[in-house]
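Please read the structure below before turning to the comments.
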Amino acid sequence: MKKLIETIKNIYRIEELRYKLAITFWLLLIYRFGTYVTLPGVDPNALEGSAKQAAGGIFGLINMFAGGAFGRGSIFALGIMPYISASIVVQLLTMAVPSFQKMQKEGEDGRRKINQITRYLTILITVVQSIGFLINLKSENPGAIISITHPEVVSDFFFMITSVIVLTASTMFVLWLGERITDKGIGNGVSLIIMIGIIARLPFALKEEFNFKLSESGGGLVIFLIELAALFGVIMAVIMLVQGVRKIPVQYAKRIVGNRQYGGVRQYIPLKVNAAGVMPIIFAQALMFIPSTVAQFFPNETMQGIIAQFINPGSLGYNLTFAILIIIFTYFYTAISVNPTQIADDMKRNGGFIPGVKPGQATASFIDQVMSRITLPGALFLAAIAIMPGLAGVLNINSQFAQFYGGTSLLILVGVVLDTLQQIESHLLMRHYDGLMQSGRIKGRSTVGAA
């Protein structure tokens with residue numbers, strides 16, 4: 001406690017850090033206020049259908065990322081997710097399309113062009129998702145829409161047009177808030193906005209789970225405490241995943257080593273069990289949102305049959321598809337981010353080699369083979385973390401609380417917290433104050449690659 005109080009005092013003594021934290025707090029407060037502002041033409045007291053829909057399933061996950069705004073029919077109902085989807089699409093294009101690769105290599109001018117394309121794509125995705133959201137809103141809550149209950153006051157077409165404009169403008173405003181936090185505040189603004197929405201749902205989820213466990217069919221307080229202990233263990237595993245597992249299997253570590261020593265320390269090839277970081281889960285989650293987006297356009301028909309399996313995070317079809325996509329994306333992203341030929345060339349220039357393997361192409365082939373083998377456990381670990389909420393639901397855990405047992409939400413939460421703490425610690429160490437941790441420096445997502 002003494003250490004914590006002293007750290008808070010040190011943070012307050014640094015004027016720049018104090019200013020950044022204040023700006024971040026007030027901009028996040030503006031965002032949270034906006035999540036409670038209901039769309040014009042919608043009665044907030046008649047949104048029982050949206051509240052029930054947002055209590056579980058894939059819509060519950062969307063509602064979590066939006067900080068509860070989806071279930072409240074808020075102007076921020078779509079949150080920042082259209083921008084995340086657009087960023088993922090552009091990142092994939094940058095990996096696969098030569099013209100985008102060329103722009104990426106043009107330095108600041110190229111990044112500006114890519115950012116502009118991302119914003120235009122965000123607007124397009126937001127318009128499409130806005131229409132789907134409004135169709136779903138009208139289907140679930142017909143009594144809450146003024147154009148339906150009082151058509152003589154406002155036409156349905158006018159309500160749709162104005163609402164699409166409001167939702168699109170609101171998403172771009174949220175994006176602007178995120179950019180201002182990144183520029184003037186501390187941490188990545190977009191990530192912080194998503195994180196604050198997830199944290200905002202945690203107290204409600206805890207309350208629901210606590211009340212459920214104290215009910216006759218819940219299992220009692222002991223089961224609730226066991227669940228909290230299990231959640232703590234999952235969080236520790238996710239922290240290890242986000243910070244990066246750098247040790248590879250012993251049989252490989254003994255062989256993949258340069259012969260030359262620098263300062264008495266052997267130089268190992270920088271291979272990781274999880275070289276892709278959390279990106280495969282983010283990519284896969286973006287694809288898993290597609291069925292729910294389509295379902296909003298056809299709320300009555302598509303909720304039945306096969307598509308229902310892909311909008312229910314507790315179903316076998318959803319979790320199996322999600323896990324397979326994560327494993328595929330893990331190998332894909334690892335192949336893109338790790339270049340065995342470049343590693344082999346760097347080893348050769350530095351006088352290192354792999355015992356029993358010729359330098360050059362043979363070394364690159366050996367590294368590629370090793371990377372393929374050690375990527376599998378990393379991919380399986382990612383998939384296990386991602387489907388953990390589904391498994392928690394099977395174990396009779398409330399669907400809202402189960403979302404915190406893994407998946408994209410917990411990865412974002414842990415990753416953003418570590419990133420923000422890392423930036424605060426950098427400010428403290430730069431002014432010769434003690435860091436936040438006594439056991440070593442905090443490592444954020446940047447160590448493994450993140451969105």
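The values are calculated or read from the model by the stated rules, or taken from the named source; none is laboratory data. Since the structure is predicted, the reported quantities are computational estimates derived from the model, not experimental observations. Virtual Cβ from ideal backbone geometry, glycine too; neighbours counted across all protein chains shown. Ligands, DNA and RNA are stripped out before the accessible areas are found, and what is left, the full protein with its side chains, is counted by its heavy atoms. Shrake-Rupley method; radii C 1.70, N 1.55, O 1.52, S 1.80 Å.
A few points about this structure:
- Answer residue from the range 397-411, given it is open to solvent by 10 Å² or more (accessible area, probe 1.4 Å) and not in a helix (DSSP H, G or I) and is modelled with the highest pLDDT among those: Ile397
- Any hit, the range 279-292, residues being open to solvent by 50 Å² or more (accessible area, probe 1.4 Å) and at pLDDT 60 or above: yes
- Close pairs (6 angstrom Cβ cut-off, 6 or more residues apart or separate chains): in contact (Cβ under 8 Å) with a residue 40 or more places away in the chain and under 18 Å from Tyr333 (Cα atoms) in the range 382-397, open to solvent by 10 Å² or more (accessible area, probe 1.4 Å) and not small (Gly, Ala, Ser) anywhere: Ala383/Ile327
- Residues (touching a Pro at 6+ places or on another chain (Cβ under 8 Å) and either among the polar types (S, T, N, Q) or open to solvent by less than 60 Å² (accessible area, probe 1.4 Å) (or both)) located in the range 119-143: Thr122, Ile125, Thr126, Gln129, Ile135, Asn136, Ser139
- Flag for Val166 being closer than 30 Å to Leu21 by Cα and surrounded by 13 or more Cβ atoms within 10 Å (Cβ to Cβ): yes
- Top-ranked residue of the range 5-52 - restricted to ones that are closer than 30 Å to Asp156 by Cα and of a type in the set (Lys, Arg), ranked as least open to solvent (accessible area, probe 1.4 Å): Arg32
- The single condition from (1) farther than 30 Å from Phe204 by Cα; (2) modelled with pLDDT of 80 or more; (3) in contact with a helix residue (DSSP H, G or I) (Cβ under 8 Å, 6 or more places away or on another chain); (4) open to solvent by 10 Å² or more (accessible area, probe 1.4 Å) that Thr375 fails is (4).
- From the options Lys207, Lys184, residue that is open to solvent by 50 Å² or more (accessible area, probe 1.4 Å), of a type outside the set (S, T, N, Q), within 26 Å of Asn396 (Cβ to Cβ) and modelled with pLDDT of 80 or more: Lys207
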